[in-house]
Amino acid sequence: MNKSLLLSWVAAIIATLGSLYFSEVRHFIPCTLCWYQRIFMYPLAIILGIAVYRNDKGIYKYVLPLSIIGMLISGYHTVLQKIPYLQQFEMCTSGVPCSKDYLNWLGFITIPLMAFIAFTIITISLVILARSEKKRLPASLFFLTFFVLPVASLLTFPPKHGPSEGNDPLLLPHGLLTMGR
């Protein structure tokens, strides 16, 4: 049994169970970014569990993109909660605001930070697994990480529209960008 693979599965299981605990037991309502993080974490618990059972060391090809995307989303969510200036770019316009801290242990540990740590553990474990296989990581993974994801995040998470604090926004084509005057 591969220890890196097992560690990544345990991290995914703990993150999934923690997420369900906060929403189903503590009754914390997930915001939009929390749902996106769940979309990328929950399948990891199942896929990595199957990979551990089968000792499938080639699973990193399929799981690394999910964990990297989840890491980017949870990193953005953490920064959004901790830097007040960025709250003007918050994408959650209905329901629970993404900048809301349900918990703040030791003054800095939030739910998105815990998700970021879990995604990071999974990513590092799988990179170690890939290197132990002595195969190069596919170039398409780096293309996905450094080109497709940033462009997709700009299109998916545009700045919040509408007047805020007296600014009259200028909406450009398709409402993707907002500029205050």
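The values are calculated or read from the model by the stated rules, or taken from the named source; none is laboratory data. Quantities reported herein were computed from a predicted structural model and do not represent experimental measurements. Cβ: placed from backbone, ideal geometry, glycine included. Neighbour counts: every protein chain shown. The accessibility values were calculated without ligands, DNA or RNA, using every heavy atom of the protein model including side chains. Shrake-Rupley method; radii C 1.70, N 1.55, O 1.52, S 1.80 Å.
Side notes on the structure shown:
Matching residues to (1) within 20 Å of ILE109 (Cβ to Cβ); (2) small (Gly, Ala, Ser); (3) over 17 Å from the mean Cα position of the chain (by Cα):
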site	(1), (2), (3)
LEU5	no, no, yes
VAL25	yes, no, yes
SER74	yes, yes, no
LYS82	yes, no, no
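- Positions within the stretch 10-24 being open to solvent by 90 Å² or more (accessible area, probe 1.4 Å) and more than 13 Å from LEU103 (Cβ to Cβ), in sequence order: ILE14, LEU17, GLU24
- Meets criteria (part of a helix (DSSP H, G or I), modelled with pLDDT of 95 or more, in contact with a Phe, Trp or Tyr (Cβ under 9 Å, 6 or more places away or on another chain) and buried (at least 22 other Cβ atoms within 10 Å of the Cβ)) for LEU33: no
- Yes/no for TYR42 being assigned to a helix (DSSP H, G or I) and open to solvent by 20 Å² or more (accessible area, probe 1.4 Å): yes
- When we screen VAL127, VAL96, VAL79 for residues that are in a helix (DSSP H, G or I), at pLDDT below 90 and farther than 15 Å from PHE40 by Cα, the only hit is VAL79.
- Verdict on LEU66 being in a loop (DSSP other than H, G, I, E, B), modelled with pLDDT of 75 or more and either open to solvent by less than 70 Å² (accessible area, probe 1.4 Å) or of a type in the set (A, V, I, L, M) (or both): no
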